[in-house]
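The values are calculated or read from the model by the stated rules, or taken from the named source; none is laboratory data. All figures in this text were calculated on a predicted structure; none of them were measured in a lab. All Cβ positions, even for glycine, are placed from backbone atoms using ideal geometry, and neighbour counts span all protein chains on display.
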Amino acid sequence: MASGVCAVADELDSSLCGGEWPDCARGVLLPAVYAAGTAAAGEKIVPERIRDNRQPYYEALRAADRAWDDGHFDVSQLAAYLSDLLKAQLADAP
């Protein structure tokens, strides 16, 4: 039986676990979900919210790429974006 993040990953949307998201995005999102103890409730999940408006996601990825090109590891814009989406998801929970 899976434990930790692997167990939580099994509960998440198949697009997240099925390889549509890069490993770095899973690395940002999964620990937050695991810390909450389970996959988060909500009417519309984070991957659906990204699909509805992909531009901010792409901008956050570009910002991380620019930081990397400058010799820094900075995914703060991506983390803030995903955090906002997760908060919106939780606000939609029944």
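If you take the residues in the stretch 71-94 that are of a type in the set (A, V, I, L, M, F, W, C) and free of Cβ contacts under 8 Å to residues at least 24 places away in the same chain, which one is farthest from Arg49 (Cα to Cα)? That would be Phe73. Here the stretch 60-94 is the region considered, the condition is being farther than 23 Å from Gly42 by Cβ and among the acidic types (Asp, Glu), and the residue that is surrounded by the most Cβ atoms within 10 Å (Cβ to Cβ) is Asp74.
None of Asp74, Asp84, Asp10, Asp65 is outside any helix (DSSP H, G or I) and either modelled with pLDDT under 95 or out of contact with any strand residue (DSSP E or B) (no Cβ under 7 Å at 6 or more places or on another chain) (or both) except Asp74.
With respect to Gln55, determine if the residue is within 12 Å of the chain's Cα centre (by Cα) and among the polar types (S, T, N, Q). The answer is no for Gln55. Against the conditions (1) crowded, with 18+ Cβ neighbours inside 10 Å; (2) at pLDDT below 80; (3) not in a helix (DSSP H, G or I), Gly19 satisfies every one except (1).
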